[in-house]
1. Among residues other than VAL127 whose Cβ falls under 14 Å from its Cβ, what is the net charge (Lys/Arg +1, Asp/Glu -1)?
2. Students often forget the sequence filter, so: which aspartates and glutamates lie under 12 Å Cα-Cα from LYS61 once same-chain residues fewer than 8 apart are removed?
3. Please report, in debye to the nearest 20, how large the charge dipole of the stretch 31-159 is about its Cα centre when each Lys and Arg carries +1 at its beta carbon and each Asp and Glu carries -1 there.
4. Return the sequence-ordered ³J(HN,Hα) values of the stretch 40-45 in whole Hz as given by the Karplus equation 6.51 cos²θ - 1.76 cosθ + 1.60 applied to θ = phi - 60°, using x for Gly and Pro.
5. How much of the pair distance distribution for the stretch 31-159 lies past 25 Å, counting alpha-carbon pairs only, in percent?
6. Is there a pair in LYS103/LYS133; LYS44/LYS152; LYS51/LYS133; LYS51/LYS107 whose C-alpha atoms are over 30 Å apart, and which pairs would that be?
Amino acid sequence: MMSSSKRPAGARRVALAALAIAGALAAAPAAMAEQVGEVSTAFKLLGANHKIVVEAFDDPKVEGVSCFVSRAKTGGISGSLGLAEDTSDASIACRQTGPVSFKDELKEGERVFRERTSILFKTMQVVRFHDEKRNTLVYLVYSDKLVDGSPKNAISAVAIQPWAASEAALPVDGRR
C-alpha cells in the first residue's frame, strides 16, 4: 500500500477536493424538506416515472417563514437508482406562516436549503437575502454544478408583516 506522500499528485488533488466538498456539505444549514406532493410528467416502463415534486421547508434562521419548492425529478432506471441527473428547473414560493423572529444574525446570500440533484457535483440551492429598505426577505433558488452551473433560477419575496395571534386559520373545507 502506498503512503499518502507517495501517491501521484493527481490522486492527492482528487482526495483533497473530496475532503473540501465533504467539509462544505457538513457546514451547510440543516433545513430539511418535507415532500408535499408530486405529479408524474412522463410514463417510464421501467423504473419510476419522471415527475415534479413539491417540497416544503422552514427557514432555519427565520421563525415564521416557510418555502415551497417545485422541481423536476428524473425517473427511469437511473432515476430509481439515484444515478440520474435532474434538470435545473425549479420554482419557489416563500410565505410568512407566523410571527417573524430571527434566531441568529442573517448573512447576505446565505444558503438556507440544499438538495443533491445528481450522484456527483450538482445541487439545487436556496439562498436568502435581506432587503432592509423594504423589510423583505428574498429567496433565490438555482442549480449549480462543480464545473458548469445553470442560469435557470426563480425568486420569492416575503414582506415581513405584523402577525395577529388572534386570527385563527380556516380549515381546508372553509368551515369553523
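Rule-based calculations on the coordinates, nothing more; no lab input. All of these numbers come straight from a predicted model, not from anything done at the bench. All Cβ positions, glycine included, derive from the backbone under ideal geometry; neighbour counts span all protein chains shown.
1. Details: positive: LYS61, LYS107, ARG111, ARG114, ARG128; negative: ASP59, GLU108, GLU110, GLU115, ASP131, ASP144.
In short, -1.
2. Leaving aside aspartates and glutamates fewer than 8 places away in the same chain, those within reach of LYS61 are ASP104, GLU105, GLU110.
3. Details: 17 positive and 18 negative charges, 54 e Å.
Charge dipole, the stretch 31-159, about its Cα centre: 260 debye, nearest 20.
4. Along the stretch 40-45, the couplings run 7, 10, 8, 6, 10, 5 Hz.
5. Numbers: 2359 of 8256 pairs.
Cα-Cα pairs in the stretch 31-159 separated by more than 25 Å: 29 percent.
6. Numbers: LYS103/LYS133 20 Å; LYS44/LYS152 26 Å; LYS51/LYS133 39 Å; LYS51/LYS107 34 Å.
Result: LYS51/LYS133; LYS51/LYS107 exceed 30 Å.
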